[in-house]
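As structure tokens, the structure follows; a few thoughts come after it.
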Amino acid sequence: MTQNRPKLIAGNWKMNGNRAALSEIDAIIEAPAVEAELLICPPFPLVPIFADRAIASPLAIGAQDCHPAESGAHTGDVSATLLRGLGARAVIVGHSERRADHGESDELVRRKAEAGLGAGLEVIICVGETQIEREAGNALSVARSQLEGSLPDTDQPQRITVAYEPVWAIGTGLVPQLSDIEEMHAAIKAALKERFGEAGEMIRVLYGGSVKPANAAEIFAVSGVDGALIGGASLKAVDFLAIASAA
Ligand code: PGA
């Protein structure tokens, strides 16, 4: 546990869900309290709908991306300021699917993270190696270099969360060896401390990639794992809650 902060259990719904999925949000809100902090990040149009419903509940709602600018001529994009105004508490930036689908660079991810922090959001920055990079023995150097390029300058590093998500483990049912997760988290934490000093120890480092109710407890028991970023298994409240109660 990072500096006694509760674990963060974050759901990334990706391009899934609709208005009817409010019933999943209701189920999470109505479930017995857990120690972990809970966050669900639905597609943009659902953010205000879910945020209104979750208001005054322990469930926070976030978004999956934002534009670095506050407003302007950027067709199809959404600003961090608007998200904050609609009730979002957090924003994910630099997810590997955005890095791949939209060619997002570390530099762009850093500017998005800055925009998120500037708008008053918590920011989840994703890093992680591909299968080829791991096989070449470059997992650590890839994650370190993504971090270095993607981390914003801030005097409030505790508002940043880092998600370590090996690309090959996302949506595949594959999970790294627990010892590999431990090694990656230790290296990420060392880099955060180097970058932000003691305050860097406040930054939670989540594991993401095929986290399910069946493997959550063993992943959370790994030293340096401060929570999870969950895709598929976050779409159903029962699975999300089962993972949260393992934290
Ligand atoms: P997954 O996705 O849990 O479906 O593997 C994780 C993620 O992409 O954040």
| field | Some residue of the stretch 91-103 being polar (S, T, N, Q) and either more than 15 Å from the chain's Cα centre (by Cα) or more than 26 Å from residue 142 (Cβ to Cβ) (or both) | value | no
Subset of the stretch 225-247, residues near the ligand (Cβ under 10 Å from one of its atoms) and either within 21 Å of residue 151 (Cβ to Cβ) or at pLDDT below 95 (or both), comes to 228, 229
Within the stretch 160-173, residues crowded, with 18+ Cβ neighbours inside 10 Å and touching a residue at least 60 places away in the same chain (Cβ under 8 Å) come out as 161, 163, 165, 167, 170
Considering the stretch 174-224, residues that are hydroxyl-bearing (Ser, Thr, Tyr) and touching a residue at least 40 places away in the same chain (Cβ under 8 Å), and then whichever is nearest to the ligand (Cβ to nearest atom), we arrive at 210
Those residues of the stretch 157-175 which are more than 14 Å from residue 5 (Cα to Cα) and assigned to a helix (DSSP H, G or I) amount to 167, 168, 169
query = Looking at residue 228, is it among the small types (Gly, Ala, Ser) and assigned to a helix (DSSP H, G or I)?
reply = no
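Results for (1) in a strand (DSSP E or B); (2) of a type in the set (Ser, Thr, Tyr), shown as yes or no for each residue.
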| residue | (1), (2) |
| --- | --- |
| 21 | no, no |
| 27 | no, no |
| 49 | no, no |
| 72 | no, no |
| 81 | no, yes |
| 91 | yes, no |
| 98 | no, no |
| 104 | no, no |
Being in a helix (DSSP H, G or I), acidic (Asp, Glu) and under 16 Å from the mean Cα position of the chain (by Cα) narrows 148, 114 down to just 114
Taking the stretch 3-31 and the residues there that are at pLDDT below 95 and exposed (fewer than 14 other Cβ atoms within 10 Å of the Cβ), the one that is nearest to residue 236 (Cα to Cα) would be 4
Condition set part of a loop (DSSP other than H, G, I, E, B) and within 17 Å of the chain's Cα centre (by Cα), scope the stretch 121-145, selection farthest from residue 185 (Cα to Cα): answer is 121
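Results for (1) surrounded by fewer than 22 Cβ atoms within 10 Å (Cβ to Cβ); (2) modelled with pLDDT under 95; (3) within 15 Å of the chain's Cα centre (by Cα), shown as yes or no for each residue.
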| residue | (1), (2), (3) |
| --- | --- |
| 118 | yes, no, no |
| 158 | yes, no, yes |
| 195 | yes, no, no |
| 211 | no, no, yes |
| 217 | yes, no, no |
| 221 | yes, no, no |
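The values are calculated or read from the model by the stated rules, or taken from the named source; none is laboratory data. This is a predicted model, so every value here is computed, not measured. Reconstructed Cβ throughout: ideal geometry from the backbone, glycine too, with neighbour counts over all protein chains shown.
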